[in-house]
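For reference, the structure discussed in these notes is given below.
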């Protein structure tokens, strides 16, 4: 009987050895077939073991240290019954190996472990709330059997475990299971190495594709579109977005979206809000199976249907410029680490291209803005009419900023208020009717502070002034710049875009400020021109009036001089006749033209004895050695040779500083007086002779 048992046991051992030999040959055969994936390897091994009447379960470690069941150790009917009983799917089920004794021991020791307590291990694997169902589960699995759990180890790194169950297993079978595990580990290693190589080649192909797609693009919208489409195609994402940091460094905008509502583009996020800022600040990828559960999830994006999220930072050089976000809009899809690597590879190449495109776009925009400013400056500088210039400035600002409306408020220096003088707006009449105090409202604030302001939501700005009616109803975006000249604010220029979907940017505000500076100079020039023109007009009228008065005065003077009975002459500092009147010419029996312009020294109308005296006195007066005025007796000689006694009243002509400029002389013909004096003298002489020779006294009475 004992011999029969020994023989039976020997036959059983020989059968077991044959089974293990077949199992190992099967594992080796799977390895030689170079299966395409890990699931192919595990499926093939499980199938071969099932042919050998061995129940096996392979579980692989996940990144978080869980074991995930990869194979089905039971028939489809039993699995369906277990699923109905527990609500769990065997394939894909995860558990913590540290909570299951045999798995913890196998992974920590690196050795295969034998147990006869299958039910105990199953109980530890089951969720706590389902453990009361253990007996029913074990009934479905069959009577309790011995089990061997062996770790799958490649090098020093554990990959997972294989569990083998059979009624005939003993501790002596442990090395066989360990050998089987080694075959499987090596095969998985080959598959992973090949997958890694394929992934590396795929990334290289991707890099080449991305580089080729981005190399020829400098237009920023084109670059962003290509980046998003490449990333979503490579990762099978449903949607994507690019977040870029604004120049202020405190805001992130979303200039390009794919597969998401366009309204999200117009909802920028401030620093610290949303996952984009987490990407930028941490500079590390973010992988979320459920976007909505993250505390940084944005409600609008959750409402848009975002489920899974994969984000990678965009880093150009040493600076993070934004982030690339990829989204799954269905619950059944999750991104993998492989997707993270692909997205990061795209982002690394795209970041430099995006930065270059930004620089190119900025340079192009600045060049276009400079040309526009030059053209605008020329057009407004060519005008000097104040009202026409105001309308042209408002029109140019509207075109330059691609706005729906523009207006100009100017300060009334007398009232100290702001009045809208030009409004190119559908509501122009209502706008121009409003008068603001300096400091009142956003416009008044700009005028008071002299600083530009960007307000893309005026309704929420505390500086705003509420206006009832149509003006206060529609959402709008405003950009305002002061009209300043030499630190003096003369007014405020405002441009307006209707609705919230076209907000102004800091670059827009810089452009408006530069234009406002030019406009202020042009307005100042127009004001100065108006003042100068008014002053010139006043001066012209004054000159005309004075000229008329002077002409009248000169006419009176000339009439007086020309009709004077006395001769009048004027002599310059060189001693030349500059004027003689007709009375003097008639006295000398000549015409005025014969003597005007000739030196006094060449005139023969003075007798030599008197000429020297008159000329010497003239030069003495010019030198200041004689009084400015004097009266002298002279004798003139007419053209016919007649001698005429005359009285000369000479007067020096000086300028405002008293410098001699010539002399004027009034000449009176005293021939008649001289004749009377001679007659009187003759009569006096006669009477003196009579009186001298009369002996008697003579008395004269009245």
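The values are calculated or read from the model by the stated rules, or taken from the named source; none is laboratory data. What you see is a predicted model, and the numbers here were worked out from it, not measured in a lab. Heads up, the Cβs are rebuilt from the backbone with ideal geometry, glycines too, and the neighbour counts pull from every protein chain shown.
Consider segment 636-662 and keep the residues that are farther than 15 Å from residue 585 by Cα and in contact with a helix residue (DSSP H, G or I) (Cβ under 6 Å, 6 or more places away or on another chain). The one that is surrounded by the most Cβ atoms within 10 Å (Cβ to Cβ) is 652.
Taking the numbered list (1) closer than 30 Å to residue 195 by Cβ; (2) touching a helix residue (DSSP H, G or I) at 6+ places or on another chain (Cβ under 7 Å); (3) buried (at least 16 other Cβ atoms within 10 Å of the Cβ) in turn, residue 348 passes all entries but (2). Of all positions in segment 428-448, none carries a residue that is under 22 Å from the mean Cα position of the chain (by Cα), outside the structural domain of residue 247 (by TED's automatic domain parsing) and not in a helix (DSSP H, G or I).
Determine, yes or no, whether residue 514 is part of a helix (DSSP H, G or I) and surrounded by 11 or more Cβ atoms within 10 Å (Cβ to Cβ). Criteria met by residue 514. Counting only residues that are in contact (Cβ under 8 Å) with a residue 24 or more places away in the chain and either surrounded by fewer than 20 Cβ atoms within 10 Å (Cβ to Cβ) or not assigned by TED's automatic domain parsing to the domain that holds residue 311 (or both), segment 245-255 holds 4 of them.
In this structure, residue 91 does not qualify as in contact (Cβ under 8 Å) with a residue 24 or more places away in the chain and assigned by TED's automatic domain parsing to the domain that holds residue 47. Please specify each residue of segment 154-173 satisfying the condition of being assigned to a helix (DSSP H, G or I) and either free of Cβ contacts under 8 Å to residues at least 12 places away in the same chain or under 18 Å from residue 58 (Cβ atoms) (or both). Once the filter is applied, which keeps residues that are assigned to a helix (DSSP H, G or I) and either free of Cβ contacts under 8 Å to residues at least 12 places away in the same chain or under 18 Å from residue 58 (Cβ atoms) (or both), segment 154-173 yields 172, 173.
On inspection, residue 361 qualifies as at pLDDT below 75, farther than 19 Å from residue 483 by Cα and surrounded by 13 or more Cβ atoms within 10 Å (Cβ to Cβ).
Each row is one residue, and each column tells you yes or no for (1) in contact (Cβ under 8 Å) with a residue 40 or more places away in the chain; (2) in the same structural domain as residue 175 (by TED's automatic domain parsing); (3) in a helix (DSSP H, G or I).
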site: 103; (1), (2), (3): yes, yes, yes
site: 120; (1), (2), (3): no, yes, yes
site: 123; (1), (2), (3): no, yes, yes
site: 130; (1), (2), (3): yes, yes, yes
site: 135; (1), (2), (3): no, yes, yes
site: 144; (1), (2), (3): no, yes, no
site: 148; (1), (2), (3): no, yes, no
site: 152; (1), (2), (3): yes, yes, no
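The set of residues in segment 49-71 being surrounded by fewer than 18 Cβ atoms within 10 Å (Cβ to Cβ), on the phi < 0 side of the Ramachandran plot and not in a strand (DSSP E or B) consists of 50, 51, 52, 62, 63, 64, 66.
Could you please let me know if residue 176 is assigned by TED's automatic domain parsing to the domain that holds residue 71, assigned to a helix (DSSP H, G or I) and under 30 Å from residue 87 (Cα atoms)? First the steps, then the outcome.
Numbers: assigned by TED's automatic domain parsing to the domain that holds residue 71: yes; assigned to a helix (DSSP H, G or I): yes; under 30 Å from residue 87 (Cα atoms): no.
The answer is no for residue 176.
Of everything in segment 106-118 that's part of a helix (DSSP H, G or I) and crowded, with 16+ Cβ neighbours inside 10 Å, which residue is modelled with the lowest pLDDT?
Within segment 106-118, the subset part of a helix (DSSP H, G or I) is 106-109, 118.
Okay, now just the ones that are also crowded, with 16+ Cβ neighbours inside 10 Å, so 106-107, 118.
Numbers: 106: 92, 107: 92, 118: 87.
Taking the candidates together, the pick is 118.
Of all residues being surrounded by fewer than 16 Cβ atoms within 10 Å (Cβ to Cβ) and more than 20 Å from residue 660 (Cβ to Cβ) in segment 604-634, which is modelled with the highest pLDDT? Just the residue, please. Filtering segment 604-634 for residues that are surrounded by fewer than 16 Cβ atoms within 10 Å (Cβ to Cβ) and more than 20 Å from residue 660 (Cβ to Cβ), the one modelled with the highest pLDDT comes out as 633. In segment 437-458, the residues that are free of Cβ contacts under 8 Å to residues at least 12 places away in the same chain form Cβ pairs under 6 Å with partners that are part of a helix (DSSP H, G or I) and surrounded by fewer than 19 Cβ atoms within 10 Å (Cβ to Cβ), at six or more places apart or across chains, as follows: 439/448. Counting the residues of segment 281-304 that are closer than 23 Å to residue 266 by Cβ and in contact (Cβ under 8 Å) with a residue 24 or more places away in the chain gives 5. Any chance segment 491-504 includes a residue that's in contact with a helix residue (DSSP H, G or I) (Cβ under 7 Å, 6 or more places away or on another chain), assigned to a helix (DSSP H, G or I) and either at positive phi or in contact (Cβ under 8 Å) with a residue 40 or more places away in the chain (or both)? No, segment 491-504 contains no residue that is in contact with a helix residue (DSSP H, G or I) (Cβ under 7 Å, 6 or more places away or on another chain), assigned to a helix (DSSP H, G or I) and either at positive phi or in contact (Cβ under 8 Å) with a residue 40 or more places away in the chain (or both). Checked against (1) over 17 Å from residue 236 (Cβ atoms); (2) free of Cβ contacts under 8 Å to residues at least 40 places away in the same chain, residue 350 passes all but a single condition, namely (2).
For segment 492-542, the set of residues classified as within 22 Å of residue 362 (Cα to Cα) and not assigned by TED's automatic domain parsing to the domain that holds residue 422 is empty.
One line per residue, one yes/no per condition, for (1) assigned to a strand (DSSP E or B); (2) in contact (Cβ under 8 Å) with a residue 12 or more places away in the chain; (3) buried (at least 20 other Cβ atoms within 10 Å of the Cβ); (4) out of contact with any strand residue (DSSP E or B) (no Cβ under 7 Å at 6 or more places or on another chain):
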position: 228; (1), (2), (3), (4): no, yes, yes, no
position: 233; (1), (2), (3), (4): no, no, no, yes
position: 237; (1), (2), (3), (4): no, yes, yes, no
position: 243; (1), (2), (3), (4): yes, yes, yes, no
position: 279; (1), (2), (3), (4): no, yes, yes, no
position: 306; (1), (2), (3), (4): no, yes, yes, no
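Of the residues 311, 322, which is buried (at least 16 other Cβ atoms within 10 Å of the Cβ), assigned by TED's automatic domain parsing to the domain that holds residue 271, under 12 Å from residue 227 (Cβ atoms) and at pLDDT 85 or above? Going through 311, 322 in turn, just one is buried (at least 16 other Cβ atoms within 10 Å of the Cβ), assigned by TED's automatic domain parsing to the domain that holds residue 271, under 12 Å from residue 227 (Cβ atoms) and at pLDDT 85 or above: 322.
Out of segment 450-465, which residues are farther than 15 Å from residue 494 by Cβ and part of a helix (DSSP H, G or I)? Result: 459, 460. When segment 367-411 is limited to residues that are assigned to a loop (DSSP other than H, G, I, E, B) and under 13 Å from residue 523 (Cβ atoms), the one that is modelled with the highest pLDDT turns out to be 385.
Out of 351, 423, report the one residue that is part of a strand (DSSP E or B) and either at pLDDT below 85 or outside the structural domain of residue 238 (by TED's automatic domain parsing) (or both).
Numbers: 351 fails: part of a strand (DSSP E or B).
Checking each option against the conditions leaves just 423.
Take the conditions under 27 Å from the mean Cα position of the chain (by Cα), touching a residue at least 40 places away in the same chain (Cβ under 8 Å) and either surrounded by 14 or more Cβ atoms within 10 Å (Cβ to Cβ) or in a strand (DSSP E or B) (or both) and apply them to residue 527. Does it pass? Show your work before the answer.
Details: under 27 Å from the mean Cα position of the chain (by Cα): no; touching a residue at least 40 places away in the same chain (Cβ under 8 Å): yes; either surrounded by 14 or more Cβ atoms within 10 Å (Cβ to Cβ) or in a strand (DSSP E or B) (or both): yes.
Criteria not met by residue 527.
Considering 17, 40, the condition of being at pLDDT below 90, over 30 Å from residue 136 (Cβ atoms), under 60 Å from the mean Cα position of the chain (by Cα) and surrounded by 12 or more Cβ atoms within 10 Å (Cβ to Cβ) is satisfied by 40 alone.
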